[in-house]
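The structure appears below as structure tokens.
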Amino acid sequence: MLILAIESSCDETAAAVLAMEENRRDVLSNIVASQIDTHALYGGVVPEIASRAHAEAISKVVEDAVSAAGITLKDLEAIAVTFAPGLIGSLLVGVCFAKSLAYALHLPLIPVNHIRAHAAAAYPGHPELKAPYLGLIVSGGHTSLFDVKDFTEFVEIGSTRDDAAGEAFDKIGRVMGLPYPGGSAMDKLAAEGKKRTERLPLPSPAIADDSLDFSFSGLKTATLNLIHNERQKLKLADHEELPLAFREAIAASFTETVVSGICLKLEEAIRRTGHRTLVVAGGVAANSHLREGIEALAKKYGCQLFLPPRSLCGDNAVMVGAEAYFDYKKGILAPMTLNAFASDESAEVAEASFIS
Ligand code: KG4
Ligand code: ZN
């Protein structure tokens, strides 16, 4: 089945064509137009600017995805689009475009949940990957553990009670003057910092109770306090940077605390669910230290680990197309009145009406 998928939930306008069958999960094209440079000027995503940029980019991105796949619009068999959760103005651009295309081409329209799509970034090239499995999504908006019953049924068994892991990375990165988004720059700084033995004491994001929940706000505040105290101690003016060795020590200490906290709850989830298939995805799953920690954990428990390639951890449309195939097979189809939804909760309510 040839699926054209569209993703526009945040600051990437993306389109991809996938060939999906029972035993075939192939990517024919994958186009991503990133707005990072635009938002970097403001140190974070500006929603109004994001929607405008999506509207400007989407026609060309879709056209490029179709031609890079070596097909024409007539070959397509379904249109898939992220409808929730995300920035409402951004989502609406993709949803309106997908609806128009599906209507004009008389094709089924598959509404895709962005969180389930992140996990689906691990499916292409791996027809052997089957549910049930244990899923961990770590992104800019989510840090959640899922007992994945099948590709369309994700039962949340743990999540963050405040900030997401990616949000915390970005905030620490911003305060240390790293380019936006801070995650990947923090990754590199931490690699240098890890070579030294000095570690700064920080509170774990794993909540100390028998839940599988996280909290990143205490860790974020404690890290920010260390940074501010050091600036005061060194009497730095606003425009002066902290010494590189200190920034590396912060990045290493913060990253190690995040990795060990996430791995602690993931290990508990492996024990509780008994799953031996693991999928870890989302923007923060690109973090090299987290990947190492999770690989070691998978080895310890004899789990088969599916980590998407780094290029598919952040937002893209390949993951949307991969999830869409399984949604379609389940009968999840959207009417031409499909709307976009910002929150997880409203997405869930809307999804209940999609099953035909
Ligand atoms: O999944 P994603 O692209 O967007 C959301 O759905 O939220 O995730 C973006 C997040 C950002 O916070 C970014 O800083 C983080 O993923 N990120 C990383 C790395 N690469 C991206 N965080 C830590 N280490 C990285 N290498
Ligand atoms: Zn995302």
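The values are calculated or read from the model by the stated rules, or taken from the named source; none is laboratory data. From a predicted model like this one, the values you see are computed outputs, not experimental measurements. For neighbour counting, all protein chains shown are included, and Cβ atoms are generated from backbone atoms with ideal geometry for every residue, glycine included.
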Filter segment 109-129 for residues that are closer than 18 Å to VAL155 by Cα and touching an Asp or Glu at 6+ places or on another chain (Cβ under 6 Å); which is nearest to ligand 1 (Cβ to nearest atom)?
ALA117
So, first residue of a type in the set (Gly, Ala, Ser) in segment 30-43, second residue outside any strand (DSSP E or B), Cβ within less than 8 Å, six or more apart or across chains; the pairs are ALA33/ALA57; ALA33/LYS60; ALA33/VAL61; SER34/ASP11; ALA40/PRO179; ALA40/TYR180; GLY43/ARG174; GLY43/TYR180
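Which residue is surrounded by the fewest Cβ atoms within 10 Å (Cβ to Cβ), if the candidates are limited to segment 304-356 and must be of a type in the set (D, E, K, R) and closer than 18 Å to SER9 by Cβ?
Restricting attention to segment 304-356, the residues satisfying the condition of being of a type in the set (D, E, K, R) are 310, 315, 323, 327, 329-330, 344-345, 348, 351.
Okay, now just the ones that are also closer than 18 Å to SER9 by Cβ, so 315, 323, 327, 344-345, 348, 351.
Numbers: ASP315: 27, GLU323: 29, ASP327: 26, ASP344: 17, GLU345: 11, GLU348: 13, GLU351: 19.
Only one residue fits best here, namely GLU345.
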Report, by residue number, each residue of segment 1-23 that is out of contact with any helix residue (DSSP H, G or I) (no Cβ under 9 Å at 6 or more places or on another chain) and modelled with pLDDT of 95 or more.
ALA19
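Can you name the residue in segment 295-317 that is part of a helix (DSSP H, G or I) and within 13 Å of ligand 1 (Cβ to nearest atom) and, of all such residues, is nearest to the chain's Cα centre (by Cα)? Spell out how you get there, then give the answer.
First, pick out the residues of segment 295-317 that are part of a helix (DSSP H, G or I): 295-301, 310-312.
Adding the requirement that they be within 13 Å of ligand 1 (Cβ to nearest atom) leaves 310-312.
Details: ARG310: 11, SER311: 11, LEU312: 9 Å.
Among those residues, the one meeting the criterion is LEU312.
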Inside segment 237-262, the number of residues satisfying the requirement of being surrounded by fewer than 19 Cβ atoms within 10 Å (Cβ to Cβ), within 26 Å of LYS195 (Cα to Cα) and either in contact with a Leu (Cβ under 7 Å, 6 or more places away or on another chain) or not small (Gly, Ala, Ser) (or both) is 6
Considering residues that are of a type outside the set (A, V, I, L, M, F, W, C) and within 20 Å of the chain's Cα centre (by Cα), the number found within segment 258-294 is 12
Can you find a residue that is in a helix (DSSP H, G or I), in contact with an Asp or Glu (Cβ under 6 Å, 6 or more places away or on another chain) and closer than 21 Å to ALA286 by Cα anywhere in segment 238-247?
no
Checking GLU153, GLU167 in turn, the sole residue that is under 14 Å from the mean Cα position of the chain (by Cα) and more than 21 Å from ALA15 (Cα to Cα) turns out to be GLU167
I'm trying to understand the selection: among the residues of segment 58-79, which are within 20 Å of ASP11 (Cβ to Cβ) and buried (at least 17 other Cβ atoms within 10 Å of the Cβ)?
ILE58, VAL61, VAL62, ALA65
Consider GLY86 against the criteria (1) modelled with pLDDT of 95 or more; (2) over 18 Å from the mean Cα position of the chain (by Cα); (3) at positive phi: it satisfies all of them except one. Which criterion is unmet?
(2)
Within segment 299-351, work out how many residues are within 16 Å of ligand 2 (Cβ to nearest atom) and either at pLDDT 95 or above or of a type outside the set (Asp, Glu) (or both).
23
For segment 185-214, give me each residue that is of a type in the set (Val, Ile, Thr) and surrounded by fewer than 16 Cβ atoms within 10 Å (Cβ to Cβ).
THR197
Only residues in segment 169-192 that are under 21 Å from THR221 (Cβ atoms) count as the first member; pair them with residues that are of a type in the set (Asp, Glu) and assigned to a helix (DSSP H, G or I), Cβ under 8 angstrom, at least 6 apart or cross-chain, and list the lot.
TYR180/ASP170; PRO181/ASP170; GLY182/ASP170; GLY183/ASP170; LEU189/GLU248; ALA190/GLU248; ALA190/GLU256
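Name the residue, out of ALA252, ALA281, ALA286, that is touching a Lys or Arg at 6+ places or on another chain (Cβ under 6 Å), within 16 Å of ligand 1 (Cβ to nearest atom) and closer than 16 Å to SER139 by Cβ.
Details: ALA252 fails: closer than 16 Å to SER139 by Cβ; ALA281 fails: touching a Lys or Arg at 6+ places or on another chain (Cβ under 6 Å).
None of the others qualify; the one that does is ALA286.
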Going by what's in this entry, would ALA269 be described as part of a helix (DSSP H, G or I), under 21 Å from GLY177 (Cα atoms) and modelled with pLDDT of 95 or more?
no
Which residues, taken from segment 142-166, are touching a residue at least 60 places away in the same chain (Cβ under 8 Å) and either surrounded by fewer than 22 Cβ atoms within 10 Å (Cβ to Cβ) or away from ligand 1 (no atom under 15 Å from the Cβ) (or both)?
LEU145, ASP147, VAL148, ASP150, PHE151, THR152, ILE157, GLY158
Counted residues, segment 81-108 - those being surrounded by fewer than 22 Cβ atoms within 10 Å (Cβ to Cβ) and more than 16 Å from ligand 1 (Cβ to nearest atom):
11
If I filter segment 45-56 for residues that are at pLDDT below 95, within 16 Å of ligand 1 (Cβ to nearest atom) and farther than 24 Å from SER346 by Cα, do I get at least one hit?
no
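How many residues does segment 137-181 hold that are in a helix (DSSP H, G or I) and either among the β-branched types (Val, Ile, Thr) or within 16 Å of ligand 2 (Cβ to nearest atom) (or both)? Before you say what the answer is, go through the steps one by one.
Just the residues of segment 137-181 that are in a helix (DSSP H, G or I), to begin with: 165-175.
Next cut, either among the β-branched types (Val, Ile, Thr) or within 16 Å of ligand 2 (Cβ to nearest atom) (or both) only: 165-170, 172, 175.
Final tally of qualifying residues: 8.
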